[in-house]
Amino acid sequence: MNLVFATHNIHKTNELRDMVEGRFTILNLKDIGCEEDIPETSSTLKGNALQKARFVREHYGLDCFADDTGLLVDALSGRPGVFSARYAGEGTTYEDNMNKVLREMQDKTNRAARFITVIALILNNEEYCFEGCIEGDLLAKPRGRHGFGYDPIFRPTGYTQTFAELGDAVKNKISHRALAVYQLLDFLFKKL
Ligand code: IMP
């Protein structure tokens, strides 16, 4: 069965393909011929995930799911949160965003942070949401070469290495996105 993942992000697409282990064929926006950037104007992760999934449903008539993820840092009152993709401004890189967080965290002793992913699924005109969260802390300097985004500075609780050091095999089993995807898959297996 085909499942449309409403994302242009090839890292996320590959992570999902890895997680579903061939039980579904994951198509992304490029695969369905959608080149445009889908608006993400909500003030919540859930709102943005629903906005993206509804866009695909309305414009392409396809059942689909979408995710929105944020890094929430305690010492920054939950920032960057819903602004994680553009924390250093529009059109900036992963590195720019990470460096802004590092600068803001320079004098902070409370390093606690978490990643939260919300997945919105639209199936047969019904909407469902699933949430995954992983706790951790932020390092003062990036470490590791795998993953993307804030992975080089995020160390999940119980591990000595960052997501970027742990690599895909570990990250894709324990991450915020994996935890949300497991719920999505459980749901789909029961439903379909
Ligand atoms: P999105 O809106 O879900 O694409 O995620 C917003 C931003 O959060 C991305 O641009 C990345 O900077 C960051 N992000 C999302 N998922 C991850 C992850 O798994 N690891 C590290 N950073 C992530």
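Is it the case that F65 is of a type in the set (F, W, Y), surrounded by 14 or more Cβ atoms within 10 Å (Cβ to Cβ) and within 10 Å of the ligand (Cβ to nearest atom)? So F65 does not fit the description; no. Looking only at segment 1-37, count every residue that is in contact with a helix residue (DSSP H, G or I) (Cβ under 6 Å, 6 or more places away or on another chain), in a loop (DSSP other than H, G, I, E, B) and open to solvent by 20 Å² or more (accessible area, probe 1.4 Å) and tell me the total. The qualifying residues number 0. Residues in segment 136-170 that are in a helix (DSSP H, G or I) and free of Cβ contacts under 8 Å to residues at least 40 places away in the same chain were compared, and the one that is farthest from F65 (Cα to Cα) is E165.
Only residues that are within 10 Å of the ligand (Cβ to nearest atom) and either free of Cβ contacts under 8 Å to residues at least 60 places away in the same chain or not in a helix (DSSP H, G or I) (or both) were counted in segment 70-84, giving 6. Exactly one residue out of Y87, Y60, Y94, Y128 is over 22 Å from K171 (Cα atoms), within 10 Å of the ligand (Cβ to nearest atom) and open to solvent by 10 Å² or more (accessible area, probe 1.4 Å), and it is Y87. Of the numbered criteria (1) farther than 15 Å from V101 by Cβ; (2) under 12 Å from the mean Cα position of the chain (by Cα), the one N124 fails is (2).
Taken together, the residues in segment 108-122 that are under 18 Å from G149 (Cβ atoms) and within 15 Å of the ligand (Cβ to nearest atom) amount to 7.
The values are calculated or read from the model by the stated rules, or taken from the named source; none is laboratory data. Please read all numbers here as calculations on a predicted model, not as lab measurements. Positions of Cβ are backbone-derived with ideal geometry, glycine not excepted, and every protein chain shown enters the neighbour counts. These area figures cover heavy atoms from the full protein model, side chains too; ligands, DNA and RNA do not enter into them. Shrake-Rupley method; radii C 1.70, N 1.55, O 1.52, S 1.80 Å.
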